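Engineer: The structure that follows is given in the form of structure tokens.
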Amino acid sequence: MTTMTVLSATAVPDHVRGALTRWLLEVTPQLYVGTISAKVRDELWHAVSECIGNGVAVLVHPASNEQGFVLRTAGEQRRKPVDFDGLTLVAMTRRHHHQGQEIANP
């Protein structure tokens with residue numbers, strides 16, 4: 001069964017972007033959308049998450065849960081998905097001052 005998939009990938013190598021555009025439409029820079037099978041989606045996510053380096057990636061696809069979707073992330077970013085009694089919420093981590101001191105979120 002094919003389902004709608006949305007994938008955002010920042011600072012990934014060109015060969016990964018090429019793989020993504022074989023299966024998904026790049027609707028804006030770094031944002032890919034398409035209707036693909038779960039196997040293709042999982043293979044693409046594996047390729048992206050293995051090559052992420054300093055980049056960031058987010059994958060959203062439908063699921064049979066309360067929210068109706070699953071959220072996956074790869075790479076270091078301030079927004080972290082957190083399971084809260086079966087619901088996925090997004091927590092913001094603190095920014096770190098360049099000298100290693102934590103500062104509050106703006």
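Engineer: Of all residues in segment 86-102, which are in a loop (DSSP other than H, G, I, E, B), open to solvent by 100 Å² or more (accessible area, probe 1.4 Å) and either modelled with pLDDT of 70 or more or of a type in the set (Asp, Glu) (or both)?
Structural biologist: Across segment 86-102, the qualifying residue is only Arg94.
Engineer: To continue, here is another question. Among Ile36, Ile52, which is the only one that is open to solvent by less than 40 Å² (accessible area, probe 1.4 Å) and either at pLDDT 95 or above or part of a strand (DSSP E or B) (or both)?
Structural biologist: Of the residues listed, the single one that is open to solvent by less than 40 Å² (accessible area, probe 1.4 Å) and either at pLDDT 95 or above or part of a strand (DSSP E or B) (or both) is Ile36.
Engineer: Can you tell me which condition Leu59 does not meet? The list is (1) open to solvent by less than 50 Å² (accessible area, probe 1.4 Å); (2) without any contact (Cβ under 8 Å) to a residue 24 or more places away in the chain, and all the others hold.
Structural biologist: Among (1) open to solvent by less than 50 Å² (accessible area, probe 1.4 Å); (2) without any contact (Cβ under 8 Å) to a residue 24 or more places away in the chain, the lone unmet condition for Leu59 is (2).
Engineer: Then there is this: Restricting the search to segment 8-46, which residues are of a type outside the set (S, T, N, Q) and within 13 Å of Gly75 (Cα to Cα)?
Structural biologist: Listed by number, the residues that qualify are Ala9, Ala11, Val12, Trp45, His46.
Engineer: Could I ask something else about it? Which of the residues that make up segment 23-68 are under 14 Å from Pro13 (Cβ atoms) and of a type in the set (S, T, N, Q)?
Structural biologist: Gln30, Ser49, Asn54
The values are calculated or read from the model by the stated rules, or taken from the named source; none is laboratory data. Note that the coordinates shown come from a computational prediction; the quantities given were computed from them, not determined experimentally. Cβ atoms come from the backbone with ideal geometry, glycine included; neighbour counts cover every protein chain shown. The protein model used for the area step is the full one, side chains on, heavy atoms only, and it has no ligands, DNA or RNA in it. Shrake-Rupley method; radii C 1.70, N 1.55, O 1.52, S 1.80 Å.
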